[in-house]
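A short reminder: the numbers here are calculations on the coordinates, not readings from a lab. Predicted model only: the values in this text are computed from it and were never measured. Every residue, glycine as well, gets a Cβ built from its backbone with ideal geometry; the counts of neighbours run over all protein chains shown.
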Amino acid sequence: MKIGILGLGTVGGGVWDILSTTKFQEYDIKVKAALVRNKSKYISYEEQGLNLTLEPYEILNDPEIDTVVEVMGGIDKPYEYIKYALSQGKHVVTANKAVLAKHMEEFLALAKNHNAALLYEASVGGGIPLIKPLKQNARINNFYEISGILNGTSNFILSKMSKEGLEFADVLKQAQEKGYAEQDPSDDIDGTDMARKISVLSSTIFKKHLPLEQIQINGIRHIEKQDMDIAKKAGCDIKLIARSTYEDNNYKAAVEPVILKQNSIFAQVSDAYNIGMAKGDNLSEVSFYGEGAGRYATANAVVSDLLDIYNLEAIEHLAVDFSSTKVNPILADYYVRLNDTNKIEELKAKLSAYNLINLHKGAFIAEKITSSEIKNYADEINVANQNYFIARLDDALIPSELL
């Protein structure tokens, strides 16, 4: 087995490190070349015997390379390279949930037509073995729900806010200093990263593609200490959770902050750790927990996929229905907090058809509503996004418990 690695950053370097250990000397696996942007930056790898190239098609057109590892990040270039590799009959292992969520239909068709494997364990949950066991269990289970804390950055921020009573901006700065958050953390704190992951997971277990643009997304950018204080006073916590369900031919999907009891499983997941939970007719409920990111955690998932290809365990093509479908928002009870005191009564008037429970001057609960309805009403009265925060109440939480 000869491998070409596209990208030798954190994850790509970790893959090389793992494959270079003595443990892998028993396998006939060799990294023939790696794509980099600047050879001088990676001179230590050349000194270890790794061939570096600035030209992606030197790898993609090499007849000896049968497997391509894509760990570059981004969408456009990875899309081009993965598409080309599969069209040449090369197996592909990727950690790129962004390109998968957007182009999975085309990739799966190419993989099937050219008898190539497309594996993506590292795209969701970092080092947590999640995709493979879900694929295996989807053969014998009808799954009806997948949910989880699938982003280490947002969970680190919320954990710190909860434990130390800090404001969002202060914890975000800490996360950036520790390397948990990018300088532009938008994908993490706005929920986009997690939405891509729940789209990939839904395709895996429901065999149905849920388009990213139809997933209800509310991030944590506008959470404040006062929101966490209200939750903690009631013995609760706030977590950013992705959830996708299937029932009676009806799909629902959302990424949103959720207020849940501190003794719940998700509330126990702290710092940059992740958890995924699936429910099916035979399994009832199964959970996967571990490090959601990091050099070796993610590289470990990539290498696991490589070993499946090496052992001829991976040429099974996922059959996903990509026909158009409506993805509905989640109907639930929602916590709403406004900083603009001039607008709060206007918003309540707009929501008068729903049962409202006042918490304090700037916060209330609206029962049996969708977050998109709340946002639409807020837009009608020109409430600025930074002036309000919405969180769903967990199904096990009674609204009056927040009083």
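Compared with the dominant principal axis of the Cα atoms in the chain, helix 192-206 is inclined by about 70°.
Across the range 366-375, coupling constants 3J(HN,Hα) worked out from phi with the 6.51/-1.76/1.60 Karplus curve, θ = phi - 60°, read 10, 8, 6, 8, 9, 5, 5, 5, 4, 5 Hz, and Gly and Pro carry x. Restricting the range 359-403 to trypsin sites (Lys or Arg not before Pro) that sit in a DSSP loop and have at most 15 other Cβ atoms within 10 Å of their own Cβ leaves Lys361.
Residue pairs exceeding 19 angstrom between C-alpha atoms, taken from Lys207/Lys326; Lys90/Lys207; Lys173/Lys225; Lys97/Lys208: Lys90/Lys207.
Among the listed values [x] 22.4; [y] 20.4; [z] 25.8, the one matching mean projected area of the Cα convex hull in nm² as calculated from this structure is [y]. Dipole magnitude for the range 13-129: computed about the Cα centre from +1 point charges on Lys and Arg Cβ and -1 point charges on Asp and Glu Cβ, it is near 260 debye.
Counted residue by residue at 0.36 nm each, then reduced by the alpha carbon distance between them, the extension gain from Asp76 to Glu55 reaches 6.0 nm. Look at the alpha carbon pairs under 8 Å that are at least 6 residues apart: their mean separation over the length of the chain gives a relative contact order of 17 percent. Annotation: extensible slack from Lys2 through Asn137 equals 45.6 nm (criterion: 0.36 nm per residue apart, minus Cα-Cα distance).
Full extension of the chain between Gln174 and Asp28 yields a length gain of 48.2 nm, computed as 0.36 nm times the residue separation minus the alpha carbon distance. Here the range 69-98 and the range 146-200 have alpha carbon centers that stand 26 Å from each other. Computed from Cα atoms, the angle from the helix 152-164 axis to the main principal axis of the chain rounds to 40 degrees.
For the chain, the antiparallel share of DSSP beta bridges with both residues in that region comes to about 65%. The loop-placed GluC sites (Glu not before Pro) in the range 142-216, going by DSSP, that have at most 15 neighbouring Cβ atoms within 10 Å of their Cβ come out as Glu167, Glu182.
In the range 2-119, a dipole from Cβ-located charges (positive for Lys and Arg, negative for Asp and Glu) runs towards its positive end, and of Val71, Thr21, Ala33 it is Val71 whose Cα lies farthest in that direction.
Structure note, pairs Lys112/Lys252; Lys178/Lys239; Lys197/Lys232: Cα-Cα distances above 22 angstrom occur for Lys112/Lys252; Lys197/Lys232. Helix 76-87 and the longest principal axis of the C-alpha atoms of the chain enclose an angle of approximately 50°. Amide H contacts of Val69 (H built 1.01 Å from N, in plane; Pro and chain starts excluded): Gly4, Ile5, Leu6, Val93 sit under 5 Å, all sequence-distant by 5 or more or on other chains. Here is the list for the range 31-107: GluC sites (Glu not before Pro) lying in DSSP coil, each with at most 12 other C-beta atoms within 10 angstrom of its C-beta, are Glu64.
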